[in-house]
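Read-outs: derived from the displayed coordinates by stated rules, not from any lab. Source: prediction; values computed, not measured. Positions of Cβ are generated from backbone atoms using ideal geometry, with glycine treated the same way; all protein chains shown enter the neighbour counts.
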Amino acid sequence: MLQEFVIVFVAGFITALGTGVGTVPLFWARDVSGRIDVLLWGVAGGLMTSASLFGLLFEAYQRHSDPLLVAGGVIAGVLLVVAAHRVIDGVDYQPTDIAAADRDVVVGVFVVLFVHSFPEGIAIGVSFVGLDLLGGPGIDLLGLHLPVLAVVMTLAIAIHNIPEGVAIGVPLRRQEGISNWRMFWAAVATSLPQPVGAVLAYYFVVLAERFLGFGYGLAAGAMLYLVVADILPEGLDAGSAVPNGRAWLAVGTALGVLAMLPLVVVL
């Protein structure tokens, strides 16, 4: 059982590293092209939408989950994100707060980020249900046998974190005295609640697998609401000063959705 938790935690940590990857182009530049930034936000929104519909909800259908249970999970997922937004509403922090490594500030910011990133962690943890270390349908990777959905969700959320990393890295890049790697790890720190949420979600869904349909719905509802309430508005804001910004966002969203369509065939 411990080995399974380690695998789920590592998957969540990989998604957190995606936030750090978003800062890598800023090792050599002080900013990122507005069009690329908007495109990335669109791709993130498309991936999350597609992964929710063709991954989590389709998996619930494949497992013959009770539709009412799944619907209840979707509603609960939306309410979870709404509640999270209410908790952190009015709380302001800057990436420099984390990069400065002040202990009290970092602890406070981590609590805020935990509330913000927890829904993505839930999606990762739920997708790992069915993890079979001995074989069965899935993907063999580095000596491990992983569910297809788990691999796809991990990649989707890691990619989704990249534009967030860009948004975090830009103000850090403009600060004097902050090294490239401090910027990288400060960005990773903003997503560390994801592996924690992944492990907790995996534990509770495995503990009560009869409520798995609710878990799939919860993760899907939370992610879909995040797309509508966070990701696409961030993309629109990033594209407000970019010529044809809305078009670039739409193209990115379409690319993200299309990239996940093969998931239906695999599952």
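Could you calculate the FRET efficiency of residue 247 with residue 62 from 1/(1 + (r/R0)^6), where r is the beta carbon distance between them and R0 is 35 Å, rounded to 0.05?
0.45
Would you please name the trypsin sites (Lys or Arg not before Pro) within region 1-64 that are DSSP coil residues with at most 10 other C-beta atoms within 10 Å of their C-beta?
Sites meeting the loop and neighbour criteria: 30.
Where the centre of each part is set by its Cα atoms, how far does region 71-85 sit from region 165-190, in angstrom?
With region 71-85 and region 165-190 each reduced to a Cα centre, they are spaced 31 Å.
Which Rg and Dmax, in Å, describe the Cα atoms of region 161-267?
17.8, 53
Rounded, prolate or oblate, given the Cα gyration tensor of region 218-267, with a/c below 1.5 counting as rounded?
Taking the square roots of the gyration eigenvalues as a ≥ b ≥ c, region 218-267 is oblate.
Enter the mean projected area of the convex hull around the alpha-carbon atoms of region 1-48, in nm², rounded to one decimal.
For region 1-48, averaging the hull's shadow over all directions gives 4.3 nm².
So for the pair residue 33, residue 145, with labels modelled 7 Å out along Cα→Cβ, what separation do we get in nm?
4.5 nm
Counting each pair of different Cα atoms once, what's the Kirkwood radius of region 1-91 in Å, rounded to one decimal?
Hydrodynamic radius (Kirkwood, Cα only) of region 1-91 equals 16.7 Å.
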